[in-house]
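Working notes, beginning with the structure itself.
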Amino acid sequence: MCPLRSLIPAFVALTITVAAYGQEKWPHGRLQVTPDGHYLQYEDGSPFFWLGDTAWELFHRLTKEEIQHYLDNRKAKGFNVIQAVILAEMDGLHRLNQYGDVPLINQHPEKPNESYFQLVDDVIASAYERKLFIGLLPTWGDKVTRMWGVGPEIFTTENAYRYGNWLGNRYKDRENIIWILGGDRPAIHDSVDTRPIWQAMAKGILEATDGKALLSYHISGGAHSTSQQIHDEPWLHINMMQSGHGSGHDVPVWEWITRDRALTPTKPTLDSEPNYEDHPVNPWPNWDPKNGYFDDYDVRKQTYRSVFAGACGVTYGHHSIWQFWSEREEKINHANRYWTEALDRPGAFQVGYLRQLIESRPFVDRLPDQTIVVDGQGEKGQHIRAFKDGKGSYLMVYIPLGGTIAVNTLVLKADTLRGWWFNPATAETIDLGTLSRGGELQLTTPTQGLNNDWVLVIDDVAAGYPIPVFSTFFSPNSPKASTLAPPVHSIAVRN
């Protein structure tokens, strides 16, 4: 199939619109930042917890049928944001997608290939039907500043504005898009300042959407956050960081979240790329698996501690899924299974439990509070994070290494307390019954040591919060089920 079969002359389609979605209305309206600046909510005030998945090569490497299968799987596990790139990283300007198309004619940002963008339209529509957001990257960063990768660098401030404006016009009525600029690159590196290009692209999107677009920026890995280079940019609504895969275990992402939350103007922040499950534990650029692979325990430690430190959500990733490795593709950086086999890895289920746990209580007034942990605090893999809600009606403590801790119950405004344990790996709960509010309370986790992480939850009995029954899904190969189990709908997961 010829990639040039459907040509759009230099942006004559600025006002093109995509076929209307189904009759069912998108719930709650568009996303926006909460009034206090720390979290996200819908237009009608309903709270939103970001649970993302990295599907960078989704448009580039999958067929429509494979995309539907992927989206169904992610929806079932509780994901609500799918991060995907239009101009993809892996030679995305030259390599054809599964329908023989490239995204741009002659690599020109002002000459989009209509056939390619029809697939993007279909994916956004399919996500809409499933009440999923697309975290949409207009381009990977190597098309702005190569640094590494294939490139080529094709953007200027002028064509970046027009490309952003064209995209904004095409998708201005799509309520399920979160715009993500950047694409794994810093905005400033060495003597190169790419901020004018990203500013121009953001301006194009915002003007086309009448200012309704919600924008963020995917930064490169390491001790970096967008807050360090572009926090004051008025177009940036959400800060992002990438604790990543190149610095070993237990990167102190909780410190970066704490730093971002303290900045003014106040903006939500989240880790948009923690360590991928089944990614080699070895520094870039070698990625040699001699030190093993990150597992679900590593994923839990990083995702829980960033959220408990005050992030507005978190993004999960699997090393085979972001690249959609299959028999059609050459593996990248020692991927160890095809993407279809990776869909049901333990970490993908477990981050869904995290979302359910957070949504089981009022969560847009969460306040990180390390004074809750009186004794038992550790460093790195043993570092504990805690928070309470603004009304003092509950607290949660994530304990990555099972053992004995002491907590301060006086942070809660309650006469009678009830405690329970939550197992992040299995979604098991254990009722502790009524607890003393006399001050310091010493407790020992049900199991101890490595790979035995627990969450302690203490509620004000008067608030009437139940101990949730969590929706759990198991793959056919799971030791806990011989068939794919249906969800248990005892706790609602907000769309």
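Computed from the coordinates by the stated procedures, all read-outs in this text should not be read as laboratory data. Because the structure is predicted, anything quoted here is derived from the model rather than measured. Cβ: placed from backbone, ideal geometry, glycine included. Neighbour counts: every protein chain shown.
Over region 77-220, what is the relative contact order in percent, taking alpha-carbon pairs closer than 8 angstrom and at least six residues apart? Before the final figure, lay out each step's value.
Values: 258 pairs, mean separation 34.8, N = 144.
For region 77-220, the relative contact order is 24 percent.
In the chain, Cα pairs under 8 Å separated by at least six residues give a relative contact order of 12 percent. When the helices of the chain are scored as -39500 (n - 2.57) per DSSP H run of n ≥ 4 and the total is divided over every residue, the value at 222 nm lands at -6500 deg cm²/dmol.
Which shape class, rounded, prolate or oblate, goes with region 370-455 when its Cα gyration tensor gives a ≥ b ≥ c as root eigenvalues, a/c under 1.5 marks rounded, and past that a/b bigger than b/c marks prolate? Prolate, since a/c reaches 1.5 and a/b exceeds b/c. Note on the chain: dipole from Cβ charges, positive end direction compared against 98, 240, 38; the farthest Cα belongs to 38. In plain terms, the chain from residue 461 to residue 188 could stretch by 93.2 nm, reckoned as 0.36 nm per residue minus the Cα-Cα distance. Only sites in a loop by DSSP and with at most 14 other Cβ atoms within 10 Å count here; which chymotrypsin sites (Phe, Trp or Tyr not before Pro) in region 128-169 make the cut? Sites meeting the loop and neighbour criteria: 148. Between the Cα long axis of helix 64-77 and the first principal axis of the chain there is an angle of about 20°, rounded to the nearest 10.
Please work out how much length the chain gains when fully extended from residue 95 to residue 334, using 0.36 nm per residue of separation minus the C-alpha to C-alpha distance, in nm with one decimal. Write out the running numbers ahead of the final one.
Numbers: separation 239, 0.36 × 239 = 86.04 nm, distance 2.13 nm.
Taking 0.36 nm per residue and subtracting the Cα distance, the gain is 83.9 nm.
Starting from the Cα-Cα distance between residue 43 and residue 255, subtract it from 0.36 nm times their residue separation and give me the gain in nm to one decimal. Walk me through the intermediate numbers first.
On the way: separation 212, 0.36 × 212 = 76.32 nm, distance 3.04 nm.
Full-extension gain reported as 73.3 nm.
If you count Lys pairs in region 31-359 whose Cα atoms are under 20 Å apart, skipping same-chain pairs closer than 8 places in sequence, the total is 17.
Simple rule: put +1 on each Lys or Arg Cβ and -1 on each Asp or Glu Cβ in region 31-359, find the dipole, and look at 314, 186, 198; the Cα lying farthest toward the positive end is 314.
Can you give the charge dipole size of the chain about its Cα centre, rounded to the nearest 20 debye, using +1 on the beta carbon of Lys and Arg and -1 on the beta carbon of Asp and Glu? It would help to have the intermediate numbers written out before the result.
Numbers: 45 positive and 58 negative charges, 97 e Å.
Here the size comes out at about 460 debye.
Roughly what % antiparallel, to the nearest 5, for the DSSP beta bridges in the chain?
Details: 44 of 68 bridges.
If we restrict to bridges inside the chain, about 65 percent are antiparallel.
Between the beta carbons of residue 173 and residue 290, assuming R0 = 45 Å, the FRET efficiency works out to 0.35 to the nearest 0.05.
Relative to the Cα centre, what is the charge dipole magnitude of region 369-463, using +1 at the beta carbon of each Lys and Arg, -1 at the beta carbon of each Asp and Glu, and rounding to the nearest 20 debye? Don't skip to the end; give the middle numbers.
Details: 7 positive and 11 negative charges, 28 e Å.
It comes to approximately 140 debye.
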